[in-house]
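*Asks:* Before I ask anything, let me first share the structure, which is written out below as structure tokens.
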Amino acid sequence: MPRQAGSCSSCQTLGLTVTISASRLLEIVEAELIDLGDSRIKAHVHALLVPPSPVIRGWDYGAEDEAYPCWSVLEHKASNTGIAYCESGFGPGDPWGLVFLSGTEHMSMGMDSGWFPRFLDAYFDSKAASELPIWRVFQQNDDEYPGQPLSVEGSWEATWAEVERLRAHSPSNRYHCSQSIYRSEA
């Protein structure tokens, strides 16, 4: 478990309001992990958690210089991506977002498709989750996504290769790469 980080002093300097604390963010993450039965996911998340720290990120949907504090909570350095929490912008409805960790470009909050109502929703859509061999081929026969599992768990790359093979062989069917461990409650 990462150590507790401090408050957002840079937010106060910029006149930005933050109502959540670093310790509360870790409590939220831990509460979601408690409900998850898979020890592989729990260990992976714990290995990537960082002491929550605020990063001021641009808001691409407002005024030119509009920005909000986003708490970095998980960092996947191999892909230069992470998960952040932001009370503004897409929050409070979708406060967990996929963000870049560093660089001169793409340091804003990004697009709405990268923001989620729960931490685990963001995790399973992240580059970090693709490291684990938890992925399965699904066939979707109706409107219920992702459909019925067709394979055992495997790597991200092997599962996607099989999805592409099935799509080429049977283009009228819908095949997906997903996992059976977690389904969002949102």
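*Asks:* Output the residues belonging to the range 84-99 that are assigned to a strand (DSSP E or B) and closer than 13 Å to Arg57 by Cα.
*Replies:* Answer for the range 84-99, where residues must be assigned to a strand (DSSP E or B) and closer than 13 Å to Arg57 by Cα: Ala84, Tyr85, Gly97, Leu98, Val99.
*Asks:* Next question. Taking the range 20-50 on its own, how many of its residues are surrounded by fewer than 14 Cβ atoms within 10 Å (Cβ to Cβ) and part of a strand (DSSP E or B)?
*Replies:* Residues flagged as surrounded by fewer than 14 Cβ atoms within 10 Å (Cβ to Cβ) and part of a strand (DSSP E or B) within the range 20-50 amount to 0.
*Asks:* Out of all the residues in the range 71-123, which are free of Cβ contacts under 8 Å to residues at least 40 places away in the same chain and touching a Cys at 6+ places or on another chain (Cβ under 7 Å)?
*Replies:* Listed by number, the residues that qualify are Ala84, Cys86, Pro95, Gly97.
*Asks:* May I pose another question? If Ala129 passes every condition in (1) part of a helix (DSSP H, G or I); (2) over 15 Å from Cys177 (Cα atoms); (3) within 13 Å of the chain's Cα centre (by Cα); (4) hydrophobic (A, V, I, L, M, F, W, C) but one, which one does it miss?
*Replies:* That leaves (2) as the condition not met.
*Asks:* A further question on this structure: Among Tyr123, Tyr68, which is assigned by TED's automatic domain parsing to the domain that holds Glu27, surrounded by 15 or more Cβ atoms within 10 Å (Cβ to Cβ), of a type outside the set (Lys, Arg) and part of a helix (DSSP H, G or I)?
*Replies:* Being assigned by TED's automatic domain parsing to the domain that holds Glu27, surrounded by 15 or more Cβ atoms within 10 Å (Cβ to Cβ), of a type outside the set (Lys, Arg) and part of a helix (DSSP H, G or I) holds for just one of Tyr123, Tyr68, which is Tyr123.
*Asks:* I'd like to verify a number: residues in the range 132-149 that are more than 24 Å from Leu26 (Cβ to Cβ) and assigned to a loop (DSSP other than H, G, I, E, B), how many?
*Replies:* 8
The values are calculated or read from the model by the stated rules, or taken from the named source; none is laboratory data. Fair warning: this is a prediction, and the values are worked out from it, not measured in the lab. Reconstructed Cβ throughout: ideal geometry from the backbone, glycine too, with neighbour counts over all protein chains shown.
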